[in-house]
Amino acid sequence: MILVDSSVWVEYFNGVGNVQTDYLDKILGSEPVGIGDLMLAEVLQGFRTDSGYRTAKNLLTDLPILEIVGAERAIKAAENYRLLRKKGVTIRKTIDTLIATFCIDRKYPLLFTDRDFVPFVKHLGLKSAISGT
């Protein structure tokens with residue numbers, strides 16, 4: 001399964017064409033794609049119109065929705081954050097640390113455009129769905 005971060009979904013729904021959104025468009029319906037509960041909340045809260053919200057909600061809730069956080073994962077995410085800080089890397093958002101830790105634990109590749117995931121790829125073994133990111 002490939003997990004898709006909200007950074008890609010937002011660009012996808014906004015019609016932004018890039019490597020990640022093109023890849024998402026290519027794999028939807030042909031490969032297992034999932035979304036985490038945290039990403040689902042991030043994406044849906046950003047819609048300004050009711051019609052856009054409903055369209056996205058219908059599409060996204062047809063995908064497997066994975067529960068990202070629990071006590072053990074919260075602790076592991078804090079440890080990963082601290083490991084990166086010791087390497088001089090500061091992750092801007094806690095939610096990204098939780099998502100990356102989930103993907104590392106489950107060995108799920110993550111499709112993302114958010115630069116906060118790059119240190120997780122470089123230092124902690126997060127698999128990017130697209131090589132080179």
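Computed from the coordinates by the stated procedures, all read-outs in this text should not be read as laboratory data. Everything quoted here is computed from the prediction, not taken from an experiment. Here the Cβ is made from the backbone with ideal geometry for all residues, glycine too, and neighbour counts use every protein chain on show.
Exactly which trypsin sites (Lys or Arg not before Pro) in the range 41-110 are in a DSSP loop and have at most 14 other Cβ atoms within 10 Å?
On the way: sites: ARG48, ARG54, LYS57, ARG73, LYS76, ARG82, ARG85, LYS86, LYS87, ARG92, LYS93, ARG106, LYS107; in loops: ARG48, LYS87, ARG92, LYS93, LYS107.
Passing both the DSSP loop test and the Cβ count: ARG48, LYS87, ARG92, LYS93, LYS107.
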With each pseudo-label sitting 7 Å past Cα toward Cβ, what's the ILE27-ASP62 distance in nm, one decimal? 1.8 nm
For the range 26-133, run through the GluC sites (Glu not before Pro) and keep only the ones in DSSP coil with at most 10 other Cβ atoms within 10 Å of their Cβ. GLU67
Given LYS57/LYS127; LYS57/LYS122; LYS26/LYS127; LYS26/LYS87; LYS76/LYS127, which pairs have Cα atoms separated by over 25 Å? LYS57/LYS127; LYS57/LYS122; LYS26/LYS87
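Full extension from VAL19 to THR94: what is 0.36 nm times the residue separation minus their Cα-Cα distance, to one decimal in nm? Display every interim value, and only then the final one.
On the way: separation 75, 0.36 × 75 = 27.00 nm, distance 2.54 nm.
Taking VAL19 through THR94 to full extension adds about 24.5 nm, to one decimal.
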Could you work out which residue, out of ASP96, ASP37, ASP50, moves most in a Gaussian network model of the chain, that is, has the largest mean-square fluctuation with Cα springs under 10 Å? ASP50
So, how do all the Cα-to-Cα distances of the range 8-133 break down into 5 Å bins, in percent, from 0 on up? 2, 10, 20, 23, 21, 13, 8, 3, 0, 0
